[in-house]
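S.K.: Following this message is one structure expressed as structure tokens.
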Amino acid sequence: LVALGKDESALECYRRLVRVRTFSEEESLLVAYLEIRVGDRRTGIVTLERIRDGLLDSPRQILAGSLCYSLLGHPEEAVALLREGAARGIESPMIYQELGSAAAEIGDSLVAEWAFRRLRGLGRETSECLYFLAVSDMNQGRMEQAVENLDRSVELDPLNGRALLLLGTIRYRLGQLESARDALIRAVRCPRSGSDAERALARVCRGLRLDS
């Protein structure tokens, strides 16, 4: 039922089932998720906290638990759970990816950078991972390294508008106006690229006209 998107029906089935047998940890986690999503949030929180330590036994449960905390509007708790899993030596690319993304979302750049560098060390870098590392490189003045990461980022995801925008911006700062224009044209065409890409492209085009 959950797979079919019938969360309320699935929750009702689990509520009846709990009266006749004890749930496994994985079933309890699913019940917590369903209660938080479509049922009694308080019951979901109580269930989630009761099984929290056991979630650290597998990457899949860690990720599911972090999703529950995110649904509750507590991304800091999601990050804490992911960090605990990583600290226990669970070498899972999925955990590092989610930890990096969640930490970046709440503004914990140190944890995000650590997680994404671990992900890269496992040879499982993603477009988002490389974009974040490029931002870190740029902030520390390592422009060439930032460009290298961004080139790889847009190679992995040609529709990563943020990466294309940053790539165009850095190339503009480096005086590479034609390369900057090419990257920004691609950024403007990406979904949800926003007006920043359009303004950056206009600035680069003005610079090219002045140089000609």
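The values are calculated or read from the model by the stated rules, or taken from the named source; none is laboratory data. As the structure is a prediction and not an experimental result, all values here were calculated from the model. Note that each Cβ is placed from the backbone with ideal geometry, even for glycine, and that neighbours are counted across all protein chains shown. Quick note on the areas: whole protein, heavy atoms, side chains included, nothing else; ligands and nucleic acids left out. Shrake-Rupley method; radii C 1.70, N 1.55, O 1.52, S 1.80 Å.
S.K.: What is the residue count in segment 31-47 for residues that are open to solvent by less than 60 Å² (accessible area, probe 1.4 Å) and without any contact (Cβ under 8 Å) to a residue 24 or more places away in the chain?
M.R.: Selection size over segment 31-47: 3.
S.K.: Moving on to the next point. Could you give every pair whose Cβ atoms fall below 6 Å, whose first residue belongs to segment 52-73 and is more than 15 Å from Gly100 (Cβ to Cβ), and whose second residue is of a type in the set (Ser, Thr, Tyr), counting only separations of at least 6 or pairs across chains?
M.R.: Short answer, once both residue conditions are applied: Cys68/Tyr33.
S.K.: Please determine whether any residue of segment 86-104 is under 16 Å from the mean Cα position of the chain (by Cα) and among the basic types (Lys, Arg).
M.R.: For segment 86-104, residues under 16 Å from the mean Cα position of the chain (by Cα) and among the basic types (Lys, Arg): absent.
S.K.: Condition first: outside any helix (DSSP H, G or I) and open to solvent by 50 Å² or more (accessible area, probe 1.4 Å). Now tell me which residues in segment 90-107 satisfy that.
M.R.: Passing the criteria: Glu91, Ile106, Gly107.
S.K.: Quick one: Val20 ticks every box in (1) modelled with pLDDT of 85 or more; (2) at negative phi; (3) open to solvent by 10 Å² or more (accessible area, probe 1.4 Å) except a single one, so which number is it?
M.R.: (1)
Every residue, every condition in (1) farther than 27 Å from Tyr69 by Cα; (2) of a type in the set (Ser, Thr, Tyr); (3) open to solvent by 40 Å² or more (accessible area, probe 1.4 Å); (4) in contact (Cβ under 8 Å) with a residue 24 or more places away in the chain, yes or no:
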{"position": "Ser109", "(1), (2), (3), (4)": "no, yes, yes, yes"}
{"position": "Trp114", "(1), (2), (3), (4)": "no, no, yes, no"}
{"position": "Arg120", "(1), (2), (3), (4)": "no, no, yes, no"}
{"position": "Gln140", "(1), (2), (3), (4)": "yes, no, yes, no"}
{"position": "Ala146", "(1), (2), (3), (4)": "yes, no, no, yes"}
{"position": "Asp151", "(1), (2), (3), (4)": "yes, no, yes, no"}
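S.K.: From the list Asp137, Asp151, which residue is of a type outside the set (S, T, N, Q), within 19 Å of Ser101 (Cα to Cα), in a helix (DSSP H, G or I) and over 15 Å from the mean Cα position of the chain (by Cα)?
M.R.: Asp137
S.K.: Within segment 180-212, restricting attention to residues that are hydroxyl-bearing (Ser, Thr, Tyr) and within 15 Å of Leu164 (Cβ to Cβ), which residue is most open to solvent (accessible area, probe 1.4 Å)?
M.R.: Ser195
S.K.: Only one of these conditions is not met by Ser28: (1) more than 30 Å from Ser127 (Cα to Cα); (2) open to solvent by less than 20 Å² (accessible area, probe 1.4 Å); (3) out of contact with any Gly (no Cβ under 9 Å at 6 or more places or on another chain); (4) small (Gly, Ala, Ser). Which number is it?
M.R.: (3)
S.K.: Would a scan of segment 158-179 turn up a residue that is open to solvent by less than 20 Å² (accessible area, probe 1.4 Å), of a type in the set (Gly, Ala, Ser) and under 30 Å from Gly89 (Cα atoms)?
M.R.: no
S.K.: In this structure, is Leu71 under 24 Å from Val18 (Cβ atoms), under 12 Å from the mean Cα position of the chain (by Cα), open to solvent by 60 Å² or more (accessible area, probe 1.4 Å) and of a type outside the set (Gly, Ala, Ser)?
M.R.: No.
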